[in-house]
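Report on the structure given below.
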Amino acid sequence: MDKYRETVRTKKCTGCNSCVNICPVNVISMKEDLEGFNYPIVDVDSCIRCGKCETVCPVLQDEYHYLNDIIKKNAMKIYAAWSKNDDIRRQSTSGGIYSELAASILDNRGYISGAVYDEAHMVRHWITDQREDLEKLRQSKYVQSDMGSIYKNIGDLLNQGKIVLFCGTPCQCEGVFHYCKAQGIETTRLYLIDFICRGSNSPKVYRKFLDELEEKYHSKVSRVWFKNKTFGWNCFSTKIDFENGTCYLEDRFHDTYIRGYIEENLYIRPSCSDCKFKGLRRIADITLADFWGVQLEEAMQETDGGTSMVMVHTEKGKRLWNSIKPKVFWKEKKLEDVIPGNDCFEHSVKPGVHREQFFLDLDNMPVIENIERFLKKRE
Ligand SMILES: Cc1cc2nc3c(=O)[nH]c(=O)nc-3n(C[C@H](O)[C@H](O)[C@H](O)COP(=O)(O)OP(=O)(O)OC[C@H]3O[C@@H](n4cnc5c(N)ncnc54)[C@H](O)[C@@H]3O)c2cc1C
């Protein structure tokens, strides 16, 4: 328990919720801190000190389950790819490869799990076997998702012999893997997909941003769409629709929320600045990402529709990838092609220099004004 509590105290906790799910006496609950991130709280008087929370916490695991990096590097295959279905590709964040992989799982009567918006446009993980739900799972949501009791749902389905595909941040994938392992759940039917991850933003900051836009547009939000492709994939935008028919649409160089995230690192979870799950140290079968800077001579003009980077790590991942190959455009690439355009593959993002001041004033001033005072001036 000491190591576990130290993880929380020093803010190394990723907020993955696996400890809450594994606790056999339900004495762990999540509580939001002043920055808006959830951390576990243990009811110490009722705790039976079984240590299960320590066996699932991704931050506390040794790296014994990782293959030797060199072996992994040699076995790994990398592709630039996109869905041949234009609607799927346009509505997805990069090339729509997640949707094709998920569809393949559904074809085999499996379940798919990923992040969705709830009625209040907050983000949580969800699981379904219904094809019409796939579009809810599609698209990157740039805020930390609440994992709720997804581990238990996944575990129950695997125990029933179902196929499950889980997609989430690298730390969430670790949580799922360690939860299954600690519960003795067979994982041959579990497919883990992670992505190159810049970091998870504070749900409180995101909510305040939406609240202010609702005031400005005199209407409730009806839909949030990050990395919308109205101006193309390279110049992605944030599109927020309102119930009164109005719309906020700003590209990556003008949207305050995305600029505060990617230019100033103002509201990323503290643990994301020292992430253990970078580079090849991944539990996932497949890693997805935006293939920034991709060079494809024969299809140069087409990459701006969205191009995914697909990194296949395991035999299981290879089987899943092979099942969608006829539905996607793909070209094999090398690790050296990925790294220059995606520093987050190997390195954590350091906290922005204004992060502390930003959070000190979070409850004292409008959030858009709070973010914008730290952004470089732009036309
Ligand atoms: C917080 C975050 C940071 C990212 N950082 C980078 C980066 O630095 N570099 C890069 O190349 N790519 C990054 N990505 C991944 C990228 O945006 C695309 O998701 C990826 O390229 C897959 O695209 P797609 O078109 O195949 O699928 P999409 O349709 O975009 O599907 C994305 C999948 O991700 C899951 N997902 C969405 N939001 C979340 C969330 N908040 N938490 C957990 N799971 C979620 C969805 O459930 C879905 O299963 C990030 C994604 C997120 C959510």
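Nothing in this text is a laboratory measurement; each read-out follows from the coordinates by a stated rule. Note that the structure is predicted; figures quoted are calculated from it, not measured. When we count neighbours, we look across all protein chains shown, and the Cβ atoms used for this are built from the backbone with ideal geometry, even at glycine.
With a cut-off of 11 Å between beta carbons, the residues surrounding ALA284 carry a summed charge of 0, where Lys and Arg count +1 and Asp and Glu -1.
For region 2-60, the relative contact order comes to 40 percent (Cα pairs under 8 Å, sequence separation of at least 6). Sparsely packed loop sites in region 66-175 (the chymotrypsin sites (Phe, Trp or Tyr not before Pro) outside DSSP H, G, I, E and B with at most 15 other Cβ atoms within 10 Å) comprise TYR66. Based on the Stokes-Einstein relation at 4 °C and a viscosity of 1.567 mPa s, and on the Kirkwood radius from alpha carbon pairs, the chain is assigned a translational diffusion coefficient of 61 µm²/s. For region 226-308, a/c is not less than 1.5, where a ≥ b ≥ c are the root eigenvalues of the C-alpha gyration tensor, and a/b does not top b/c. That puts it in the oblate class. Using only the Cα atoms of region 182-271, each taken as one equal point scatterer with no solvent, compute I(q) by the Debye sum, divide by I(0), and report log10 of the ratio at q = 0.18 Å⁻¹. Each listed q maps to, in turn, -0.87. Of the cross-linked pairs LYS152/LYS276; LYS152/LYS325; LYS84/LYS204; LYS350/LYS376, which ones have a Cα-Cα span greater than 27 Å in the structure shown? Cα-Cα > 27 Å for LYS152/LYS325; LYS84/LYS204; rest within. Sparse packing (at most 15 other Cβ atoms within 10 Å of the Cβ) combined with a DSSP loop state is found for the following trypsin sites (Lys or Arg not before Pro) in region 97-132: ARG109.
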